[in-house]
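Below is one structure, written out as structure tokens; comments come after it.
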Amino acid sequence: MLRKLVIVTTTTLLALVALPASADSGAIHDVRGDTVNAPAPKAGYDIVRAGWGHAKGGRLRHWVVAAGTVGHPRTGMGSLPDLYINVPGQVADNPTCDYFLQEVPPGVGANTTSHWKYYVFPCSNNSPQAIAPVAATRPTGHRIQLVFGRHAIGSPAHYGWAMAFPSDGDNPPIDRAPDAGFKRHVLH
Ligand SMILES: [Ca+2]
């Protein structure tokens, strides 16, 4: 009887210890039809959901779902999102973010592969250099997922993030989630 009770207690404690990391994942919704200056087909740039969580090995996982068909991370064709990260206490020389994740054409900068590839960059105004590679996948025709190591953003205790379909130049993004500011992700 006592032995059984100990096992139950231990299991409960383990569940409590594991809770903070596993619990901090989720999704935010974005309004359908709120794109600005989207190329056709607009629905591929229209964010309806975006989320955060964790992948194997403690890596960070972010994803976005569009109303229409999204692009292909390996070909660079179609709508492909950027992820913006704001780390409290860190100030990059560009005030809008501290890091961003963006796709790079083959043969450009750090990308020595034969396909397009995502990398983590510092938000610098002076030709930022890639910090770390990102595993970008397209689990469905509406979803892009980005997975990267937390060390790439300085392993912060928490950070803010925003997913966006960027427009050309300095124009506001075609669609962004959240619409303004950053969604908080607590790591520990
Ligand atoms: Ca939207």
The size of the Cβ-based charge dipole (Lys, Arg +1; Asp, Glu -1) of the range 26-186 about the Cα centre, to the nearest 20 debye, is 720 debye
Output ordering of 120-133, 163-176 (per-residue mean of other Cβ within 10 Å, highest first) is 163-176, 120-133
Honestly the range 26-186 on the Cα gyration tensor test (a ≥ b ≥ c root eigenvalues; a/c under 1.5 rounded, otherwise a/b vs b/c for prolate or oblate) is just rounded
At the level of C-alpha centres, the distance separating the range 92-145 and the range 160-181, in angstrom, is 15 Å
A student applying the Cα gyration tensor rule (rounded when a/c is under 1.5; otherwise prolate if a/b is larger than b/c, oblate if not) would label the range 132-171 oblate
Contact order relative to length for the range 26-186, counting C-alpha pairs under 8 Å separated by 6 or more residues, stands in percent at 24 percent
The summed charge of the ALA38 Cβ neighbourhood (under 11 Å; Lys/Arg +1, Asp/Glu -1) stands at -2
In degrees rounded to 10, the 0-90 angle between helix 2-23 Cα long axis and the longest Cα principal axis of the chain is 20 degrees
Between the modelled labels at VAL31 and VAL91 (7 Å from Cα along Cα→Cβ) the distance in nm is 3.3 nm
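Every number here is computed from the coordinates shown, using simple stated rules; none is lab data. Fair warning: this is a prediction, and the values are worked out from it, not measured in the lab. Positions of Cβ are generated from backbone atoms using ideal geometry, with glycine treated the same way; all protein chains shown enter the neighbour counts.
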